[in-house]
Amino acid sequence: MATLFIADLHLHTEEPAITAGFLRFLRGEARSADALYILGDLFEAWIGDDSPEPLNREIAKEIKALVDSGVPCFFIHGNRDFLLGKRFARESGMTLLPEEQCLDLYGRKVLIMHGDTLCTDDPGYLAFRAKVHQPWLQTLFLALPLFIRRRIAAKMRDDSKNANSHKSMEIMDVNAHAVVEVMEKHQLQWLIHGHTHRPAVHELTANEKPAFRVVLGAWHSEGSMVKVTTNNVELIAFPF
């Protein structure tokens, strides 16, 4: 019995090795899991469920095959694919979850999230996040022609890379107080998230007890997953 967690694959056509590695994962390791949770940034960018991008259809088909094999798949939006919607969820068979979700895994209470909301030392990013998550703005964006959406998405990616190049590593990491606050809000001792691309298991104190924050790695040069079983929580790196 095992439940698997992944995040930050940033799938796009320019990185076929990552896509190939993900497909092997879906057809291999994932098939024996109790469930698969994708904690955001599955795609590098998402301009709408109506995009005809062949990669999107291929990924939907492969995730649906996993779900049809008996392994449920759940998705929490990331900062890159927050516009992923119900149409893609239906096509892939994934269940969309809120940005914070508590699970009971083999008797262990675990909070899962993408992780960007924990980066409270970066007020500029949080202000941008609040802006692009406004429903009216998302509706307006999705009503634009696809070619305009592509241009906007490309500019936003370039602006993000430029802004991040001038930020310290500390600012772009999670805030320790924000971590404790969210764990105490949900009254649990385990947190699994992605976003920061800094895979590690951190020990801390929350609810006046020992607690653990498990951070998933990005799929840049190797795969990264968290495997939760009845007896253990493992952070595992593996080759594509």
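The values are calculated or read from the model by the stated rules, or taken from the named source; none is laboratory data. None of the values given here were measured: they were computed from a predicted structure. With ideal geometry, Cβ positions are generated from the backbone for all residues, glycine too; neighbour counts draw on all protein chains shown. Please note that ligands, DNA and RNA were not included when accessible areas were found on the heavy atoms of the full protein model with its side chains. Shrake-Rupley method; radii C 1.70, N 1.55, O 1.52, S 1.80 Å.
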Rounded to the nearest 10 Å², the accessible area of PHE240 using a 1.4 Å probe with every protein chain kept is 60
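Return the Rg/Rh ratio of the range 52-152 with Cα-based radii and a Kirkwood Rh. The partial results should precede the final answer.
Values: Rg = 16.0 Å, Rh = 15.8 Å.
Rg divided by Rh gives 1.01.
Given +1 on the Cβ of Lys and Arg, -1 on the Cβ of Asp and Glu, and no further charges, what dipole in debye does the range 1-50 carry about its Cα centre, rounded to the nearest 20? Let's see the in-between values first.
Numbers: 3 positive and 9 negative charges, 76 e Å.
Once rounded to the nearest 20, the dipole reads 360 debye.
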Please give the charge dipole size of the range 95-153, origin at the Cα centre, charges +1 on K and R Cβ atoms and -1 on D and E Cβ atoms. Round to the nearest 20 debye. 340
Collect residues whose amide H, placed 1.01 Å from N in the peptide plane, falls under 5 Å from the amide H of LEU11; neighbours closer than 5 in sequence don't count. PHE43, GLU44
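Roughly what % of DSSP beta bridges within the range 161-240 run antiparallel, to the nearest 5?
On the way: 13 of 17 bridges.
Taking every DSSP beta bridge with both residues in the range 161-240, the antiparallel ones total about 75 percent.
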Cα-based reach from LYS161 at 26 Å (exclusive), listing lysines while leaving out same-chain residues under 8 positions away: LYS131
Of ASN232, HIS133, MET183, which is farthest towards the positive pole of the chain's charge dipole, taken about the Cα centre with +1 and -1 on the beta-carbons of Lys, Arg and Asp, Glu respectively? HIS133
Farthest toward the dipole's positive end in the range 1-66, which of LEU11, LEU26, LEU55, given Cβ charges of +1 (Lys, Arg) and -1 (Asp, Glu) about the Cα centre? LEU26
Accessible-area order for MET113, MET1, largest to smallest, probe 1.4 angstrom, reads MET1, MET113
What percent of all Cα-Cα pairs in the range 106-240 falls into each 5 Å bin, going from 0 up to the bin containing the maximum distance? 2, 9, 15, 18, 17, 15, 12, 8, 4, 1, 0
Mind checking which of GLY93, LEU83, GLY40 is farthest towards the positive end of the range 1-106's charge dipole, using Cβ charges of +1 (Lys, Arg) and -1 (Asp, Glu) about the Cα centre? GLY93
Mean separation of Cα pairs under 8 Å and 6+ residues apart, divided by the residue count of the chain: what relative contact order is that in percent? 23
For the range 136-200, what does the alpha-carbon gyration tensor say about shape, rounded, prolate or oblate, given a ≥ b ≥ c as the root eigenvalues, a/c under 1.5 as rounded, and a/b over b/c as prolate? oblate
For the chain, set up a GNM with springs between Cα atoms under 10 Å and report which of PHE141, PHE25, PHE128 has the largest fluctuation. PHE128
Restricting to bridges with both residues inside the chain, how much of the DSSP beta-bridge set is antiparallel, in percent to the nearest 5? 55
Helix runs (DSSP H) in the chain reaching 15 Å along axis by Cα, Kyte-Doolittle at least 0.5: 16-27
I'd like the accessible area for TYR37, computed on protein heavy atoms only with a 1.4 Å probe and all protein chains in place. Round to 10 Å², please. 20
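Taking the Cα centre of the chain as origin and charging only Cβ (+1 Lys, Arg; -1 Asp, Glu), how large is the dipole, in debye to the nearest 20? Could the numbers behind the result be given before it?
Details: 26 positive and 31 negative charges, 106 e Å.
The dipole of the chain has a size of about 520 debye.
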